[in-house]
C-alpha cells in the first residue's frame, strides 16, 4: 500500500469446468487484481476447456474489454500458478508499453436483426415491450409484492458474470432489482471438491459484502478482518431445510467448515429476492450444491 | 484574499484527491487507466455521461468553498454555509443517478436507482446533524460554527454527531458499507460499463468528494482551522487528512448489507437516532 504500489494486472476471468478454485487462488495474489467487469480489465484469462455452447459468450466478453487487451489461456493442469502469474505479469508489461492488442472477435453489430413491427418499430405496445434486435424491452406487469403495474425487464446473465457461479446462465425477469422469474438456461460448470473449500466460499460472500481486502486475505488462508461481517447478511435470507440460512453458512465458512447443502431448484429459490440478496444466497452455497440445484435443461 | 482562498480550495481538493488515491494504494492503477480505451455503450446519454464526473467534482469544490481556511475567512463567506453544503449533498444524488442512467445498460441503472433509494433517507440524518452543530453557534454560517468551538469542539459536545455524519460521508463518496451505487453484485454498478479515462475520472471525483466532506466534518466537529501555534489552514489540513484516513479505513472494513435492509436501518434506527441527537443538542444549547 502507499504511493509506491505498482499498477496490478487487471484480469477478467472466464472460468471453465474444473478451474474455479485455481483461478480464484491465482487472482488473490499480490500484483493481480480480479476485475468485476470486463470494462475494467486488460487481460482476459480463459481457464480450462470451454464447451462449445459458451464460445459465443466468450467472444462477447472478449470484445467488451477495452483496448489494449490480450487473451491468455490456462488449460494445462501441469502449468503452475506461479508460471501463469509470471505470464500475466509479462503480458501486463507489454500491454502498458502498448506492444500488444487484439481486435474484435465478433462484428460490432446487434446479435439479431431489427424486427420493425408496430408504430414505433420495436414490436411492442405503445413505446414499451417488444424485442427489437432480439432483446426484450421492458413491459409493465404486476408487481409481485403489491400488485401494482411496474416495468418488467428480462435479461440473460452469465456464463462469465463474476457474481454468478462460472458457467451458470440465468434468464431473469426483474422489476427494479426484484427477481420475479428466473430460469436456468445453462447449469454451472462442474467443479472438483477444492472449489468448495471454506476459505474460497467465504471470499465469494465477502466480495459481495464489499470487503475486497478481507476476501483476498481469506483466499490466502489468513483470517479475514472486518466489522459487522455476519450481521450484514440478513437473518432470514436463503433458509434451507437442515442447512440454516445464508448467515449461518457464512459463519461456517469463516470457521473453516464447508457445510453440505441440498439446495432447492433455483427457479423456485430466487423469485421474490432482490438481486443483491439473490447473489448472496447463491454465494452461500458451495459450488457442488449449486450444480445440484441447477438441473440441466432438457434438450429441445 | 479571495484569490488566495480560491487557490486554497482548489489546491486542497487536488492534492487531497491525490492523497486519497495514494491511501487506497491506487495511484499507478488510476494513471494506467487514463491510457486505456474509453468504451462507448449502445445509444448512451452522451451529455450526462460526460457531465456526471464533472458535476461530482464541481459539487466537491462548491462544498469546500464554504469551509473556512482560517478563523473568519472562507472563499464563500455565506450566512447560510450549512445550507449550501446541504445543497451539494442533495445534488450529489442527482449526479450519481445520471452516472448510472447515461450508459443505457441494466446494471448501471440498477445501481443508480439503488443509490437514490439509499441516499435520500441519508440526507435526513445529515440535515439534523448539521442543524444540531449550528445550534451552539446560533447561526447557519460555518464561520460562526467555527467560532462557537473555541471553548470545546462539537465532537465532544455532541458525541452522536460524528458517527452519524460518517454514514453521510461514506454515502456521498460511494465507499464501503454505503457503496450501493457501485457494488460488486452488479459488476460495479454505475461504473459497470465504463472503462479507461471515464472510469478513472469517476474515481478521482469520488476522492475529491471525500476530501470536501472530510474538510466539512473537520470544520463542524473539530473546530476547523482553530488550533495553537500553527496557522489556520495547516490545522484544517491536518484535521481533514486525519478524517480522510479514518473514513477510508472504516469504508474498507465495514461490511455492506443488502439495500432493502439498509433502508430499514436508515428509516427505523438512524433517523430517530438523529432526531434524538438534535433534541439533546438543543436542550444542551439552551
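Nothing in this text is a laboratory measurement; each read-out follows from the coordinates by a stated rule. A quick note: this is a predicted structure, and the numbers were derived from the prediction, not measured. No Cβ is skipped: glycine too gets one built from the backbone with ideal geometry, and neighbour counts run over all protein chains shown.
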**Request:** Take every residue in peptide B:189-197, count the Cβ atoms of other chains within 10 Å of its Cβ, and give the average of those counts.
**Result:** 4
**Fill in**
Ranked by GNM mean-square fluctuation in chain A (Cα springs under 10 Å), the top entry among A:289, A:103, A:186 is A:103
**Request:** Quick one: Debye curve from the alpha-carbon atoms of the range B:168-209 only, equal weights, vacuum; give me log10 I(q)/I(0) at q = 0.16, 0.17, 0.21, 0.27 Å⁻¹ to two decimals.
**Result:** -0.38, -0.43, -0.65, -0.98
**Request:** Please report the relative contact order for the range A:133-300, taking Cα pairs under 8 Å with a sequence separation of at least 6, and give it as a percent rounded to a whole number.
**Result:** 23 percent
**Request:** With both partners inside the protein assembly as shown, how many of the DSSP beta bridges are antiparallel, as a percent to the nearest 5?
**Result:** 60 percent
**Request:** Arrange the peptides A:225-235, A:168-178, B:179-189 so that the one whose residues have, on average, the most other Cβ atoms within 10 Å appears first.
**Result:** B:179-189, A:168-178, A:225-235
**Prompt:** For the range B:1-110, what is the convex hull volume of the alpha-carbon atoms per residue, in Å³?
**Reply:** 134 Å³
**Complete:** Taking the range B:189-281, the whole-percent share of alpha-carbon pairs separated by over 24 angstrom is 47 percent
**Fill in**
To the nearest 10 degrees, the tilt of helix B:196-221 (Cα long axis) against the first principal axis of the alpha carbons of chain B is 10 degrees
**Message:** Please report the spacing between the Cα centers of the range B:91-133 and the range B:235-285 in Å, no decimals.
**Reply:** 16 Å
**Asked** Any idea what log10 I(q)/I(0) is at q = 0.10, 0.13, 0.16 Å⁻¹ for chain A, Debye with uniform C-alpha scatterers and no solvent?
**Response** -0.61, -1.01, -1.38
**Fill in**
From DSSP H assignment alone, runs of 4+ in chain B each adding -39500 (n - 2.57), the sum over residues rounded to the nearest 500 puts [θ] at 222 nm at -22000 deg cm²/dmol
**Prompt:** If the convex hull of the alpha-carbon atoms of the range B:2-285 is projected onto planes in all directions, what is the mean projected area in square nanometres?
**Reply:** 14.2 nm²
**Prompt:** If you take the Cα atoms of the protein assembly as shown, find Rg, then find the Kirkwood Rh from the mean of 1/r over all pairs, what is Rg/Rh?
**Reply:** 0.98
**Request:** Go ahead and set up a Gaussian network model of chain B, Cα springs under 10 Å, then flag whichever of B:70, B:217, B:52 fluctuates most.
**Result:** B:70
**Fill in**
Output field shielding_mean for B:24-37 (other chain Cβ, 10 Å radius) holds 5
**Item:** Estimated FRET transfer efficiency (residue A:77, residue A:140; beta-carbon r; R0 41 Å; 0.05)
**Value:** 0.20
**Fill in**
The residues B:127, A:128, B:178, sorted from fewest to most surrounding Cβ atoms within 10 Å, come out as A:128, B:127, B:178
**Asked** Size of the range B:1-42 along its principal axes in angstrom, Cα-based, largest extent first?
**Response** 47, 28, 15
**For the range A:1-45, convex hull volume per residue from C-alpha positions, Å³** = 70 Å³
**Message:** Quick check: the angle from helix B:2-23's long axis to the longest principal axis of chain B, C-alpha only, nearest 10 degrees?
**Reply:** 60 degrees
**Request:** Can you work out the PRE-style zone for residue A:49? Point 7 Å along Cα to Cβ, and I want the residues of the range A:59-100 with backbone N under 18 Å.
**Result:** A:73-79
**Asked** Quick one: Cα convex hull volume of the range A:9-96, Å³ per residue?
**Response** 82 Å³
**Fill in**
With Cα coordinates, the longest principal axis of chain B makes an angle with the long axis of helix B:81-101, in degrees rounded to 10, of 10 degrees
**Request:** May I ask you to work out the translational diffusion coefficient for the range B:35-165 at 25 °C, viscosity 0.890 mPa s, via Stokes-Einstein with Rh from the Kirkwood sum over Cα pairs, reported in whole µm²/s?
**Result:** 147 µm²/s
**Message:** Over the range A:190-234, what portion of Cα pair distances is larger than 12 Å, expressed as a whole percent?
**Reply:** 57 percent
**Complete:** Percent antiparallel among DSSP beta bridges confined to chain A, rounded to 5, stands at 60 percent
**Message:** Over chain B, with a Gaussian network built from C-alpha contacts below 10 Å, which listed residue (B:11, B:176, B:63) shows the highest mean-square fluctuation?
**Reply:** B:11
**Message:** Two decimals, Cα atoms only, Kirkwood Rh: what is Rg/Rh over the range A:133-300?
**Reply:** 0.99
**Request:** Using Cα pairs closer than 8 Å and at least 6 residues apart in sequence, work out the relative contact order for the range A:143-214, in percent.
**Result:** 21 percent
**Fill in**
Dividing the mean separation of Cα pairs under 8 Å (6+ apart) by the residue count of chain B yields a relative contact order in percent of 27 percent
